[in-house]
Each structure stands twice: as C-alpha cells, then as structure tokens.
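Trainee: My questions all concern the structure below.
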Amino acid sequence: MVVVRIPSLLADQAGGQGTFEVEAATVGEALRGLPVRDLVLDERGELRRLVNVYVDGEDARRGDGLETPLAGAQEIRVIAAVAGG
Amino acid sequence: MGVLLLVGTRKGLFLIRGGANRSSWELEGPLLTGWSVFHAMQDPRDGNLYVAGNNFVYGGTVQRSSDLGQTWERSEGLGLPEETGLKLEEVWHVESGHESEPETLYLGATPGALFRSGDKGETWEPLMGLVQHETREQWQPGAGGMCCHSIQIDPEDPKQMYAAISAAGAFRTDDGGETWMPRNKNVAADFMPDPFPEVGQCVHKLLLHPEQRERLWQQNHCGVYRSDDRGDDWERLEGNGLPAGFGFPLALHPRDPDIAYVIPEEGAENRVTPNGRLGVYRTTDGGANWELLQNGLPQQAWAAVMREGFASDRNDPAGIYFGTQSGSVFASASEGDEWMEVARQLPPILSVEVGEWS
C-alpha cells in the first residue's frame, strides 16, 4: 500500500479528495489508478511534461519514470513544476 | 428568464446575471479556479454549461455542469489517436449539435483538431476526415497555435457543418463530418507567397447566420468577409467606415442577416483598438457600410477583444456583449447604440457567451 498525495487543483477534480491509498507495483500503475489520471498522464499514457512525481522524496524521472518500482515505498507526491503565469 | 453572460477568463469562469430589462447585472465567480477558460457556453437544448478549460500543467479538458456551475463533471479520455502522430494541446471551443441530435456536441482544439461527442460531452471522438485532411501539411499555426475555434451547424441539415482553423482556413462538410472541403475562395492570405491559396488562410472567427443558412461571415487576419453561398465564394467588405480589416471577434444580429458587428485592431503588428479608442463597428447593409458605435464606451482605450469575446442575445432589441483582455465586460441592450460597463477588473477575458437563467 502506498499513499498518493495530489495538489489541490487536482483534488478539486477528484471530488475534493487529495490523498489516495493504492496497491500498485510501479509509479505508472499507481497514477493510472487515480480519478485524475487523464490530468497527470496524456493520451499516450505518458507523464505530462510539467507534472513531477516524487517517490519518498526521489524524482521518479531520475529513476525509471513510470516504471519506477514501488517496493517498500511509503508515499508518492504529485507536484506541478514551477512554471506559468 | 434573464440573460446569463458566461465570461471565460485566463483565471476561471465568471457568470453575470442580467435583470429583467438588462440594465442591472450581478457578478458570480470565479468558478473552476486554476483553469484558463478558453470558451464557455450554455447548451440551449438542456441548459447544461460546457467549458473548454486548459491548465498549463494538466492539459485541456471539457467540463460540464447541469446546475449552473455549482458542480462540474470532467469528460473522459480526451485525446488524439497515436496513428495521427499528434497530441492534444489545448481545447478551444464547444458547440451544441443540431436540435435533432440532443446528445451531440462538437469540440475544437489544437493542433487543428475537431471532436464529436454523442453523450453530452462525457466522451469525445476525433473527426478524422478533418484531423487527417489531405491539405494538412499546408496548415500552419497562428499565434494561438493551430486552433480549431469556429464550429457552425446548419440549422436545417445536421450533416452540413463548418469548421475554421488558424491558419488552415474554413472547411465545410456536407456528409456529417466524414469529408471536408476547403472553402476559402477569394479569402486573402497576404502572408503567403500565393495570396489566394486553397488553404492556409488565417480565419479568426467564422459565424453562420442562424436564420439565413446560405450566409456566413468571417473576421480574418486579412479582412472581413461575407459569403452568400455557404462559403463557396467570399466577398471582402472592409473600407466604407471600417478603420482596419484586422481583428478577431465577430457578432451577428439574431434575426437580421444584414447586421453584423466587429471590433477592429490596428493591424497584425499592433494588436490594439485603432487610434486609442474602443469602438464597435456595425453594418446594417451586409457589410457595404460600417458605423462606429461608442456611446458609453471609454473614449481612450488601447483594448483588445479576443476571438471568442463577442456575443449577441436573441431578445428584441438584441443585446450585444463583449469582454476585453483588460478585464471589462460591456453590454448593450439596444443593438449597439448605447453601452454600459457591467464588470471590470476581471482577469484577461477569453470568451463571452449568452445563456439564460431563471
């Protein structure tokens, strides 16, 4: 079981829920189980460019991306990149 | 029933409720905060609100509300198939389908994409006849991306539709969206080596008159045009009172097909209202002559109104409405003769549409 925490804008799109407990073997599997998967992943199932994902504080892009294994992981944080206006 | 203005802004949706005589207005919002509302409209068939909303991190979505914005549902699985080599960038415009198809809606998007929903916006399928059009290699993006921003349905024949893309031009289908014909004859593309190509025109807004189905109007990068034969041929209309042919928004009178409104800008290189004055220009003779309407509008303003930022209601006399990038909404209950500012200091306004509330 891993806890996924999403930003407030995404929580608004998930009926107000900002934290999810999911059973998943990889980061991708965990994200695909979210009700906001279409906002985190694009139509090819790839992580959107300005969405960052941290597994227990480690950037998943520095690991195996969506294939990053979750064995023993406690927490996934979905965070929007610092950008915009 | 009162007039409901749906005002899409770069920072959410605002609703403005008009009183019975359209002289008092009440602001509500912002709704859908965090979303850039490129276009919001109320489906006249069932009263549902639809929003084409984008977020720079989370992409483009369609949101639907059946309770005038209190709660929202997001569409599922919006995107382009892998074989196109394209990915959805932004959603631009939602249009109700024909009256005889109450569950059908259309969605325009970048890059040059048109979608249809057969379930009131829950799911969307791309219309591949346009997405993979044989002329696509000749299309190029305008400053707002290669956006499909105008979708018009023939009031009598649901199989006949129009779509306009910047900068690909105008297209018509006579078979319900299977095949699309470029309809850009005599529409200039002054930025191309051939100024009158088959496709590549930078149409900024295209509207079909709701009661005269042969008549189309378009505000283009290169002039204002009218067609009286369903887009087969176009006539350029500027001059005779219009200070410039360049502009983005366009509004039509709900009944009189000879009355249209534009808000010109100086030109492509200086996109503000001409001469530092905010003015609406109206023709009452099919575009032969244009008159400046400015009673109640600021006399000194370097404003800009985006392509979706202009609308008319169906009352008599007709109400005309527009919103500026500087966050003001102006309303006229007298077909443009007199104006009042009904909201100010909103975020940059991207769209204005008219609905109703009770």
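Trainee: Quick check on the protein assembly as shown: helices-only [θ] at 222 nm, where DSSP H runs of length 4 and up contribute -39,500 (n - 2.57) each and the sum goes over total residues. Nearest 500, please.
Mentor: Result for the protein assembly as shown: -1000 deg cm²/dmol, rounded to the nearest 500.
Trainee: How about region B:255-307: which trypsin sites (Lys or Arg not before Pro) there lie in a loop by DSSP and see at most 14 other Cβ atoms within 10 Å?
Mentor: Listed in order of number, the matching sites are B:Arg255.
Trainee: Excluding B:Met306 itself, calculate the net charge of residues whose Cβ lies under 13 Å from the Cβ of B:Met306, where each Lys or Arg counts +1 and each Asp or Glu counts -1.
Mentor: +1
Trainee: In square nanometres, what is the average projected area of the Cα convex hull of the protein assembly as shown?
Mentor: Averaging across all directions leaves 20.8 nm² for the Cα convex hull.
Trainee: With the crude spin-label approximation of a point 7 Å out along Cα→Cβ, what separation in nm comes out for B:Asn270 versus A:Val3?
Mentor: Label at B:Asn270, label at A:Val3, 5.9 nm between them.
Trainee: For region B:1-111, take N as its residue count and report Rg(C-alpha) divided by 2.2 N^0.38 Å.
Mentor: Working it through for region B:1-111, the quotient is 1.14.
Trainee: Additional query: So how far apart, in nm, are the two label points at B:Arg45 and B:Ser24 if each is 7 Å from Cα heading toward Cβ?
Mentor: Inter-label distance under the simple model: 3.6 nm.
Trainee: Pull up the cross-link candidates among the lysines for B:Lys185, meaning alpha carbon to alpha carbon under 30 Å and not fewer than 8 places away within one chain.
Mentor: Cross-link targets: B:Lys159, B:Lys205.
Trainee: Moving on to the next point. Could you pull out the longest piece of chain A with no exposed loop GluC sites (Glu not before Pro) in it, calling a site exposed if DSSP puts it outside H, G, I, E, B and it has at most 16 other Cβ atoms within 10 Å?
Mentor: Counting only loop sites that pass the neighbour cut-off, the longest clear stretch is A:47-85.
Trainee: Could you list the residues of region B:119-159 with an amide nitrogen less than 14 Å from a label point located 7 Å from the Cα of B:Thr179 in the Cα-to-C-beta direction?
Mentor: Inside the label zone: B:129-130, B:133-135.
Trainee: Please grab the % of Cα pairs in chain A that end up more than 22 Å from each other.
Mentor: Of all Cα-Cα distances in chain A, 16 percent exceed 22 Å.
No value in this document is a laboratory result; all are computed from the given coordinates. Just so we're clear, the structure is a prediction, and the values are computed from it rather than from any experiment. Virtual Cβ from ideal backbone geometry, glycine too; neighbours counted across all protein chains shown.
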